[in-house]
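Trainee: I have a structure I would like to understand better, so I am pasting it below and will then ask my questions one at a time.
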Amino acid sequence: MRLLLVNDDGVYSPGLAALARVAKRFGEVRIVAPDVEQSSMGHAITYTRPLTIKRTPIADLDAWRVNGTPADCAALGLNAWSGVEAVLSGINLGLNLGNSAWHSGTLAGARQAVLLGCRGIALSTATGDAEPDFQRLEPHVARVLEALLDGDAPRLVNVNFPREPEGLLWTRLSIRHYDGRVVPGKDPQGRDHFWLTVQPIEEVEPDTDRWAIRHRLISMTPLQLDLTDEAALREAAATTPR
Ligand code: MN
């Protein structure tokens, strides 16, 4: 089985190396990842300039770096390598829960794969003051890949690992609350500047990705590409003459 690995933290991320170590047990692994960090770039693709892909020696891995986004990497990787079974994106240094699905580069890497007819799995883990303990996480990553590389598994799945998983749960996105905020500050010259950052969400809906993480469970959320609001469509179509 051929597995293409991408991420948004950049080709030298320890999360990507950890994912490669586990993925190698399942098949042939190739890495195509951004040359610099592309976190929170969402599903951006590069079309105003050409892209390059360069061989990048990392341990004994077949690794390549691209001067583009995670979605670019998935597209270039799938273009260069035929017969890929799945694109694995991550392991991201930081959770991708709820509404972060809109700006997550990690998820976009997996979603681009699905757009191109391939299976896509996004993997992210909690970070704190210390780097995640990927060695401890590896058996859990293996368990998830075993489940999601199965033929009948959903085609696009967003996976989040708590620091010390105690189980696993299929979940939905926690979209009721948005954690994005703008924090103003001053630069050393006294000029205004702003950070786009997040605030912790306290309220957690049951059965969501955020709920799973809070209960030390690995969260697996199946996603679909169709963003159509079906209820609004039905209502609008029923009340608007053609
Ligand atoms: Mn990232």
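The values are calculated or read from the model by the stated rules, or taken from the named source; none is laboratory data. All of these numbers come straight from a predicted model, not from anything done at the bench. Here Cβ is always computed from backbone atoms with ideal geometry, including for glycine, and neighbour counts include all displayed protein chains. These accessible areas exclude ligands, DNA and RNA; they are computed on the full protein's heavy atoms, side chains included. Shrake-Rupley method; radii C 1.70, N 1.55, O 1.52, S 1.80 Å.
Trainee: Sticking with the crude label model, points 7 Å out along Cα→Cβ, report the distance from GLN224 to ARG176 in nm, one decimal please.
Mentor: About 2.2 nm separates the two model spin labels.
Trainee: Quote to one decimal, in nm, the extra length available between ALA130 and ASP152 on full extension: 0.36 nm per residue of separation minus the C-alpha distance between them.
Mentor: Details: separation 22, 0.36 × 22 = 7.92 nm, distance 3.66 nm.
Using 0.36 nm per residue and subtracting the Cα-Cα distance, I get 4.3 nm.
Trainee: Just in the stretch 130-227: which GluC sites (Glu not before Pro) are loop by DSSP and have at most 15 other Cβ atoms within 10 Å? Before the final figure, lay out each step's value.
Mentor: Values: sites: GLU146, GLU166, GLU202, GLU203; in loops: GLU166, GLU202, GLU203.
Hits after loop and neighbour filter: GLU166, GLU202, GLU203.
Trainee: Can you tell which of PRO154, PRO34, PRO50 shows the greatest fluctuation in a Gaussian network model of the chain with Cα springs below 10 Å?
Mentor: PRO50
Trainee: Rounded, prolate or oblate: which fits the stretch 1-158 when a ≥ b ≥ c are the square roots of the eigenvalues of the alpha-carbon gyration tensor, with rounded for a/c under 1.5 and prolate only if a/b beats b/c?
Mentor: Numbers: a/c = 1.22, a/b = 1.13, b/c = 1.08.
Verdict is rounded for the stretch 1-158.
Trainee: Heavy-atom accessible area of ASP150 with all protein chains present, probe 1.4 Å, nearest 10 Å²?
Mentor: 80 Å²
Trainee: May I ask you to compute the full-extension gain from ASP207 to LYS186, defined as 0.36 nm times their residue separation minus their alpha-carbon distance, rounded to one decimal in nm?
Mentor: On the way: separation 21, 0.36 × 21 = 7.56 nm, distance 4.07 nm.
The ASP207-LYS186 span can extend by a further 3.5 nm.
Trainee: Given only helices, namely DSSP H runs of n ≥ 4 each adding -39500 (n - 2.57), what is the per-residue ellipticity at 222 nm of the chain, to the nearest 500 deg cm²/dmol?
Mentor: Counting only the DSSP helices, I get -8000 deg cm²/dmol.
Trainee: With +1 on each Lys and Arg Cβ and -1 on each Asp and Glu Cβ, and nothing else charged, work out how big the dipole of the chain is about its Cα centre, in Debye to the nearest 20. Mind showing how you got there, number by number?
Mentor: On the way: 25 positive and 30 negative charges, 104 e Å.
Dipole about the Cα centre, nearest 20: 500 debye.
Trainee: Of the candidates ILE58, ILE175, ILE218, which one comes out as most mobile in a Gaussian network treatment of the chain with C-alpha springs shorter than 10 Å?
Mentor: In this elastic network of the chain, the residue with the biggest mean-square fluctuation among ILE58, ILE175, ILE218 is ILE58.
Trainee: Hey, what's the chain come to in accessible area per residue, 1.4 Å probe, Å²?
Mentor: Spelled out: the 1.4 Å probe surface of the chain, per residue, equals 54 Å².
Trainee: Quick one: how many Å² of PHE194 are accessible to a 1.4 Å probe, rounded to 10?
Mentor: 140 Å²
Trainee: Under a point-charge model restricted to the Cβ atoms of Lys and Arg (+1) and Asp and Glu (-1), what is the dipole moment magnitude of the stretch 9-139 relative to its Cα centre, in debye to the nearest 20?
Mentor: The calculated dipole for the stretch 9-139 is roughly 340 debye.
Trainee: Over the stretch 2-227, what relative contact order in percent results from Cα pairs under 8 Å that are six or more residues apart? Can you show the working numbers first?
Mentor: Working: 507 pairs, mean separation 41.7, N = 226.
Reported relative contact order: 18 percent.
Trainee: Find which of LEU95, PHE26, THR52 sits farthest along the positive direction of the dipole of the chain, computed with +1 on the beta-carbon of Lys and Arg, -1 on that of Asp and Glu, about the Cα centre.
Mentor: Checked the options; the winner is THR52.
Trainee: At a 1.4 Å probe radius, carbon and sulfur cover how many percent of the accessible area of the stretch 2-227?
Mentor: Details: 5830 of 11410 Å².
With neighbouring chains kept in place, the figure for the stretch 2-227 is 51 percent.
Trainee: Another question about this same structure. Under a 10 Å cutoff between Cα atoms, tell me which one of ARG25, ARG111, ARG155 has the largest fluctuation in the Gaussian network model of the chain.
Mentor: Fluctuation is largest for ARG25.
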